[in-house]
1. Of the residues in region 361-382, how many are assigned to a helix (DSSP H, G or I) and open to solvent by less than 20 Å² (accessible area, probe 1.4 Å)?
2. Does Val319 qualify as being part of a strand (DSSP E or B) and either crowded, with 17+ Cβ neighbours inside 10 Å or touching a strand residue (DSSP E or B) at 6+ places or on another chain (Cβ under 6 Å) (or both)?
3. Just to check your reading of the model, which residue among Glu165, Glu107 is out of contact with any Cys (no Cβ under 7 Å at 6 or more places or on another chain), free of Cβ contacts under 8 Å to residues at least 24 places away in the same chain and of a type in the set (D, E, K, R)?
4. Within region 161-172, can one find any residue that is touching a Lys or Arg at 6+ places or on another chain (Cβ under 7 Å) and more than 16 Å from the ligand (Cβ to nearest atom)?
5. So which residues in region 80-106 are within 12 Å of the ligand (Cβ to nearest atom), surrounded by 21 or more Cβ atoms within 10 Å (Cβ to Cβ) and in a helix (DSSP H, G or I)?
6. So which of Phe39, Phe112, Phe18 ends up being at negative phi, in the same structural domain as Lys268 (by the TED database), hydrophobic (A, V, I, L, M, F, W, C) and within 22 Å of the chain's Cα centre (by Cα)?
7. Pick from Ser339, Ser325, Ser343, Ser335: which is within 16 Å of Asp154 (Cα to Cα), of a type in the set (S, T, N, Q) and outside the structural domain of Ala210 (by the TED database)?
8. So is Val157 over 21 Å from Phe114 (Cα atoms) and aliphatic (A, V, I, L, M) or not?
Amino acid sequence: MEVNIERADRVKNLPPYFFAEIDKMIDRAREEGVDVISFGIGDPDLPTPDHIVTAMKEAVSDPSTHSYPSYEGLYEFREAVCDWYDERFSVNLDPEAEIVSLIGSKEGLAHFPFCYINKGDLALVPDPAYPVYETAVVMAGGSTVSLPMTPENDFLVDLSEVPEEKLKKAKLLFINYPNNPTGAVANREFFREIVDYARKYEFLVVHDAAYSEIGFDGHEPPSFLEVEGAKEVGIEFGSLSKTFNMTGWRLGWALGNEEMIDALSTIKTNVDSGVFEAIQRAGITALKGDKSCIEKMQEVYKKRRDLLVSGLNDLGWDVKPNKGSFYLWIEIPESYEDSQEFSEDVFKETGVFLTPGIGYGDAGERFVRLALTVTEERIKEALDRLEEFFKLRR
Ligand SMILES: *Cc1c(COP(=O)(O)O)cnc(C)c1O
């Protein structure tokens with residue numbers, strides 16, 4: 001007898017992880033000796049600041065960090081996040097009830113739909129978007145309504161375009177500003193409208209604020225929770241990953257509505273056992289310590305952005321600088337069928353990898369995403385190669 005290793009429908013129905021295929025293609029090229037310049041990496045190339053690494057080293061040597069951590073996170077960590085929210089956004093939060101620590105915000109974003117989505121329930125999800133929102137809703141048994149984000153609406157989701165019966169049926173709305181993949185930002189007015197919609201149609205709002213500290217040209221990204229009434233309808237996810245170059249460390253949080261935080265904590269106590277305390281202590285150092293590293297990081301991305309935008313525009317592209325996050329979202333040349341064809345063509349001829357927009361949803365079909373996680377020197381090299389590429393096509 002053979003065992004039955006047929007996968008459950010929830011796994012069978014997951015889309016193949018688009019980016020895993022891409023990684024394979026890039027690895028293969030590297031093995032063949034191609035000098036790959038990848039603009040595909042949504043992961044800071046800069047190291048975690050020294051003072052945070054030092055705090056981690058000390059914490060790791062302290063045996064009291066070696067046991068199971070508390071489920072909801074160290075009180076001091078939750079308090080450090082709340083203090084930072086007060087200082088940065090003037091948002092008051094109760095560290096006892098209105099925040100839970102996460103093993104990176106992706107973990108919480110993926111678990112959250114399990115708290116509120118029953119079979120057949122609807123969630124409103126931007127298109128394009130970080131793929132986790134949709135897959136999590138689908139794994140929880142729900143389905144999604146796409147909210148197209150286009151240059152015409154400045155990549156802000158437009159709920160007035162959604163049929164009323166869908167708004168009425170929706171249980172959750174996901175938003176994310178500064179945005180991955182479009183680089184768009186939102187202001188408080190937009191968040192106010194979202195709160196009005198949430199109240200009127202009685203859905204919950206999930207704001208993914210992973211890039212809250214990456215704004216350019218004077219834009220300081222606001223928190224969704226700054227808006228009156230926001231805490232009654234939603235929660236915000238945040239993380240040290242992008243702010244302090246700590247993607248590998250896995251430390252984030254969800255905060256806001258007490259009942260929603262409690263629901264997420266309930267799921268989590270049944271699934272995981274919290275975040276290594278040494279990492280949380282390092283997180284406290286990050287949040288309470290010297291923040292000049294954040295300004296330095298913003299400077300680095302801004303210089304790269306300006307170099308890349310002006311270089312691409314010199315090549316005849318029409319690229320607008322992103323206002324936040326570290327992505328450029330660029331329309332592909334008209335002569336191309338779709339983003340994948342364009343990306344593959346560029347990669348084969350130049351070794352420069354641009355992420356096909358289709359990986360973030362149907363609305364990304366005519367776009368590529370360029371991450372600013374490449375040094376200026378390599379950006380220049382990439383621009384030289386792209387110039388050759390476009391010359392041959394003129
Ligand atoms: C990087 C990223 C995250 C954060 O992930 P962590 O799990 O906190 O490392 C969340 N949302 C978006 C849109 C991201 O790009």
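The values are calculated or read from the model by the stated rules, or taken from the named source; none is laboratory data. Note that the structure is predicted; figures quoted are calculated from it, not measured. Quick reminder, even Gly has a Cβ in these numbers, built from the backbone with ideal geometry, and neighbours come from all protein chains shown. All accessible areas refer to the heavy atoms of the entire protein, side chains included, with ligands and DNA or RNA removed. Shrake-Rupley method; radii C 1.70, N 1.55, O 1.52, S 1.80 Å.
1. We begin by selecting, within region 361-382, every residue assigned to a helix (DSSP H, G or I); these are 362-364, 376-382.
Next, only the ones that are open to solvent by less than 20 Å² (accessible area, probe 1.4 Å) stay: 364, 379, 382.
Of the residues in that region, 3 qualify.
2. Numbers: part of a strand (DSSP E or B): no; either crowded, with 17+ Cβ neighbours inside 10 Å or touching a strand residue (DSSP E or B) at 6+ places or on another chain (Cβ under 6 Å) (or both): yes.
It is false that Val319 is part of a strand (DSSP E or B) and either crowded, with 17+ Cβ neighbours inside 10 Å or touching a strand residue (DSSP E or B) at 6+ places or on another chain (Cβ under 6 Å) (or both).
3. Values: Glu107 fails: free of Cβ contacts under 8 Å to residues at least 24 places away in the same chain.
Matching residue, one of Glu165, Glu107: Glu165.
4. Within region 161-172, the first condition is being touching a Lys or Arg at 6+ places or on another chain (Cβ under 7 Å), and the residues that meet it are none.
No.
5. Step one: filter region 80-106 for residues within 12 Å of the ligand (Cβ to nearest atom), giving 101-106.
Checking which are surrounded by 21 or more Cβ atoms within 10 Å (Cβ to Cβ) leaves us with 101-102, 104-105.
Answer for region 80-106, where residues must be within 12 Å of the ligand (Cβ to nearest atom), surrounded by 21 or more Cβ atoms within 10 Å (Cβ to Cβ) and in a helix (DSSP H, G or I): just Ser105.
6. Numbers: Phe39 fails: in the same structural domain as Lys268 (by the TED database); Phe18 fails: in the same structural domain as Lys268 (by the TED database).
Exactly one of Phe39, Phe112, Phe18 is at negative phi, in the same structural domain as Lys268 (by the TED database), hydrophobic (A, V, I, L, M, F, W, C) and within 22 Å of the chain's Cα centre (by Cα), namely Phe112.
7. On the way: Ser339 fails: within 16 Å of Asp154 (Cα to Cα); Ser343 fails: within 16 Å of Asp154 (Cα to Cα); Ser335 fails: within 16 Å of Asp154 (Cα to Cα).
So the residue among Ser339, Ser325, Ser343, Ser335 that is within 16 Å of Asp154 (Cα to Cα), of a type in the set (S, T, N, Q) and outside the structural domain of Ala210 (by the TED database) is Ser325.
8. Details: over 21 Å from Phe114 (Cα atoms): yes; aliphatic (A, V, I, L, M): yes.
Judged against the criteria, Val157 is a match.
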